[in-house]
Amino acid sequence: PLNSEDTMMKFTLSYTPSDDSLFYATFSEGYRPGGFNRAAAKEGAYTAGANNYNNLDPLGNPTATSVNCGEKAAIDSHADGFPGYCLPYVFRSDTMENTEFGWKTTMLDGRLRFNGSIYMIDWKDIQVSQFDSQHISILTVVDNGGDAEIKGMEGDIVYAMTDNFTLYAAGSFNDTELTRVAPQFAMVVQDEGRELPLTPETQFSLRGRYEWEISSGDAYAQMGLKHASKALNSIVDTNEEPNSYQKSYTIVDVATGIRNVKDNWGMELYVQNLGDERAQLHINRQDFFERVTVNRPRTVGLRISYDF
């Protein structure tokens, strides 16, 4: 059996100096539960107190290159440079500690709203999955790959610049680093000091919306833009499955429409991905085949709605 017991804490202090502002500080913890590796069970039943060695000679005795894996399943090294591996029957929970300072404010007589936060996250014992049928197992394995640190800030603004035009903006900045690599999984996990995967350093979005009245109701026109900087595709970095950067991208959407207040119907003409950008949302190299997930190409559409 796999047993884990701990106490997760969360503390928050808030301060409201006026009806238009709130400031807060939060400390919180979180976790993902551990689990079992079916691949280890395939190598043999778990035996408490065992001394499992890899790279045994034909008679089953340890050699000069053997490693004592203890109670873990012992995976032999390979001539192609694979160093061998001690495959755990269970992997531990990974945990996070988050320290955050944030604010929620309204200004300019309610025409401007500005919310944001600054945070620092410590991530311990990151759970990393890997499929390596050539060296380890035909089943996916999970191990605790190391620790990481995340420092960042995020915010959003809504600004009613006039009675007809509203500007929306949101963005984030993240500085991430893999601060420790677990030695037993170093042949799978990328080098210490590199950034975390799927976390662009900079992301932001802008949207402007103009509304006006017409004889039968109201009409609007809007344009939106979203941008993400480059990001690594995976924490796994091996000869067979090297990680790489997903390119930065910028996508623009536009739309215009009318809503008939009296008769409850509406119509919108939109163009999504106006520039026909091919954004690399994820590069997946598991199973030894590269698959790139991209966004939709330029899409032009017409929506007609009716409110009953």
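Values quoted throughout were computed directly from the atomic coordinates according to the rules given, and no laboratory measurement underlies them. Quick caveat: nothing in here was measured; it's all calculated off a predicted structure. Virtual Cβ from ideal backbone geometry, glycine too; neighbours counted across all protein chains shown.
The largest-to-smallest principal axis extents of the Cα set in region 122-183 are 65, 25, 13 Å. Counting only C-alpha contacts under 8 Å and six or more residues apart, can you give the relative contact order of region 104-198 as a whole percent? RCO, region 104-198: 25 percent.
Tell me, what is the percent relative contact order of region 176-308, built from C-alpha pairs under 8 Å that lie six or more residues apart? Working shown, then result.
Details: 298 pairs, mean separation 24.9, N = 133.
Answer for region 176-308 is 19 percent.
Note that region 24-35 has calculated 3J(HN,Hα) couplings of 9, 10, 9, 10, 9, 10, x, 7, 10, x, x, x Hz, one per residue in order, obtained from phi through the Karplus relation 6.51 cos²θ - 1.76 cosθ + 1.60 (θ = phi - 60°); glycine and proline are x.
Taking each of 42/124; 72/124; 72/247; 42/247; 124/230; 151/226 in turn, the alpha-carbon distance tops 32 angstrom for 72/247; 42/247.
Report, in deg cm²/dmol and to the nearest 500, the calculated mean residue ellipticity at 222 nm for the chain, where each DSSP H run with n ≥ 4 adds -39500 (n - 2.57) and the sum is divided by the residue count.
Values: 1 runs with 6 residues, N = 308.
So the calculated ellipticity at 222 nm is -500 deg cm²/dmol.
Which of the following values of semi-axes √(5λ) of the Cα gyration tensor in Å was calculated from the structure shown: [x] 39, 23, 17; [y] 51, 25, 17; [z] 35, 23, 19? Of the labelled values, this structure produces [y].
Taking 0.36 nm per residue of separation and subtracting the current Cα-Cα distance, fully stretching the chain between residue 8 and residue 157 would add 50.4 nm.
Sequence-distant or interchain residues sharing an amide H contact under 5 Å with residue 69, placed H: which? Here the answer is 52, 53, 54, since their amide H atoms fall under 5 Å of that of residue 69. What you get for the chain, charging only the Cβ of Lys and Arg (+1) and of Asp and Glu (-1), is a dipole of about 720 debye around the Cα centre. Distance between the modelled labels on residue 36 and residue 291, one decimal in nanometres: 2.7 nm (7 Å Cα→Cβ projection). Normalised Debye scattering of region 235-301 at q = 0.27 Å⁻¹ gives log10 I(q)/I(0) of -1.10, counting only Cα atoms as equal scatterers and leaving out solvent. Across region 216-224, computed HN-Hα scalar couplings (Karplus, 6.51 cos²θ - 1.76 cosθ + 1.60, θ = phi - 60°) run 9, x, 9, 9, 8, 9, 8, 9, x Hz from first to last residue, x flagging Gly and Pro. Short-range pairs are left out: with C-alpha atoms under 8 Å and at least six residues apart, the relative contact order of region 149-201 is 33 percent. Computed with the Debye formula from one identical point scatterer per Cα of region 142-280, without solvent, the log10 of I(q)/I(0) at q = 0.18, 0.21, 0.22 Å⁻¹ comes to -1.03, -1.21, -1.26. Based on alpha-carbon atoms only, what is the radius of gyration of region 25-125 relative to the globular estimate 2.2 N^0.38 Å? Computed over Cα atoms of region 25-125, the ratio equals 1.92.
When Rg and the Kirkwood radius Rh are both evaluated on Cα atoms of region 1-79, their ratio Rg/Rh stands at 1.40. Given +1 at the Cβ of Lys and Arg, -1 at the Cβ of Asp and Glu and no other charges, the dipole of region 252-308 around its Cα centre is 20 debye to the nearest 20.
Remark: region 261-268, residue by residue, has Karplus-estimated 3J(HN,Hα) of 5, 5, 9, 6, 10, x, 8, 9 Hz, where x stands for each Gly or Pro and the curve is 6.51 cos²θ - 1.76 cosθ + 1.60 at θ = phi - 60°. Using bins of 10 Å that start at zero, the share of Cα-Cα pairs per bin across region 201-261 amounts to 19, 27, 21, 16, 11, 6, 1, in whole %.
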